[in-house]
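Novice: Sharing a structure here in C-alpha cells format.
The values are calculated or read from the model by the stated rules, or taken from the named source; none is laboratory data. Since this is a predicted model, take the numbers as computed values, not measurements. Positions of Cβ are backbone-derived with ideal geometry, glycine not excepted, and every protein chain shown enters the neighbour counts. SASA here: full protein model, heavy atoms, side chains in, ligands and nucleic acids out. Shrake-Rupley method; radii C 1.70, N 1.55, O 1.52, S 1.80 Å.
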Amino acid sequence: MPHDDDAPEPPPAAEPTGKPAGKPAVKRAATTARGLRAPRVGRPPTLDRERITAAVMAQDLATLTMQSVAGSLGVAPSALYRWVRNRDELLDLASAEMGRRIVPEREPTAADWREWLTDLAYAIRREFTAFPGFAARMLSVGIHREAGHGPVERAATRAFELAGNPHDRARQCWYAFAAAVMGWIAAEQSGFPADPPMDFAALVDILLRGTTPTRPA
C-alpha cells in the first residue's frame, strides 16, 4: 500500500484574481488558422501633403509610382489616391516644394541682381541634383511648370528687369538662363563626357556677364 510520501504533489494554487472562472483569456497576439500572427489593429498612418511630398522627393524619379510612394508611407494606394489623382500630381507637389526652396529669401535689387541670380542658379542646381532626372523631365515634357516654377520665373524676370531689361526682354533672359542651367544639370546627371570637367561656375559667369573675357583695368 503506498505511503502518503509517495503521492505526487498537487500543482500550486493559482493566485486569486477576483474574476469568475470561465474560458481562458485570449492572447493579444492571436494567430490565424494557418498559424500566422494576426495583424495588430491600430490607427493607420496620417497623411498630409508635407509627408507625401517628402516621400516623393526621397525616391528615384525613374521608379516613382503611386504604389511606391504609398509603400514608403506605410499606407494602401487607395489612401494616397484621396490626396492625388496620379503620378503627375505627385510630381506637381515636388515641383511646388522645389520652387519654394529655390527662390532666395531676399528680394533682388538694382544693386545686387547679379548676385541674386547667382544664388538662384546654385539653388536650382542643388535642388534638382537632389531629385535626379527631374531636370531632364522639365526640359523634355514641360509639365509641372506653374506648380512650382511660376514663382521662380516671376522672381527671376524681376531680377532681369532690374538689370535694365524691358519686361519682354527680361522674360527672354529668363528662358535662356533657365534652359542653360537645367540643361547643364541634365548633362551632369547623364554623365556627359567633358574634358576638362564641366564647371558650373563658368556657366553662371557666362550667363550673367557674357562671353567676352573680362580685362584688367
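Novice: To the nearest 10 Å², what's residue 122's accessible area with a 1.4 Å probe?
Specialist: Accessible surface of residue 122 is approximately 100 Å².
Novice: Obtain the nm distance between the two label points defined at residue 89 and residue 192 by a simple spin-label model: each point lies 7 Å from its Cα along the Cα-to-C-beta direction.
Specialist: 3.5 nm
Novice: Now for a separate question. Rg(Cα) of the stretch 47-130 divided by 2.2 N^0.38 Å?
Specialist: 1.34
Novice: Can you list the HN-Hα couplings for the stretch 79-91, worked out from phi with the Karplus curve (6.51, -1.76, 1.60; θ = phi - 60°), rounded to whole Hz and with x for Gly and Pro?
Specialist: 5, 5, 5, 6, 9, 9, 8, 6, 5, 4, 6, 4, 6
Novice: Around residue 66, under 10 Å between beta carbons, what's the net of Lys plus Arg minus Asp minus Glu among the other residues?
Specialist: Taking every Cβ under 10 Å from that of residue 66, the sum is +1.
Novice: Which distance in Å, rounded to a whole number, links the C-alpha centroids of the stretch 66-136 and the stretch 148-186?
Specialist: Answer, in whole Å: 18.
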